[in-house]
Amino acid sequence: MGNAETEKIKILLNHWIGHNKEHIQEFREWAEKAKRLGEAETSDDLLEAAQDIDKANEPLLRALRRFESKKG
């Protein structure tokens, strides 16, 4: 794989991880709002979605670390 492609993958991994973290925070904020509105099940669903996205970040972080460990 060319150096340009390797750099592109690292950039994308960082972007995807950061983007997912933004969604996680937003889902948690809306879960709290839903809970205050008496929508406990909706709140639970949003929190579950946040957890699922956080879990999805785990392999992305592993991949990023793998690329970063090959520096040098």
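The values are calculated or read from the model by the stated rules, or taken from the named source; none is laboratory data. Fair warning: this is a prediction, and the values are worked out from it, not measured in the lab. Virtual Cβ from ideal backbone geometry, glycine too; neighbours counted across all protein chains shown.
Miscellaneous remarks
- Residues being over 18 Å from the mean Cα position of the chain (by Cα) and assigned to a helix (DSSP H, G or I) - total across the range 16-66: 10
- Selection over the range 28-45 of residues that are surrounded by 11 or more Cβ atoms within 10 Å (Cβ to Cβ) and either out of contact with any Asp or Glu (no Cβ under 9 Å at 6 or more places or on another chain) or at pLDDT below 95 (or both) gives a count of 9.
- Qualifying positions in the range 4-42 - β-branched (Val, Ile, Thr) and either in contact with a Cys (Cβ under 7 Å, 6 or more places away or on another chain) or under 27 Å from Arg65 (Cα atoms) (or both): Thr6, Ile9, Ile11, Ile17, Ile24
- A count restricted to the range 46-56 and to residues that are farther than 26 Å from Glu68 by Cα and surrounded by 14 or more Cβ atoms within 10 Å (Cβ to Cβ) stands at 4.
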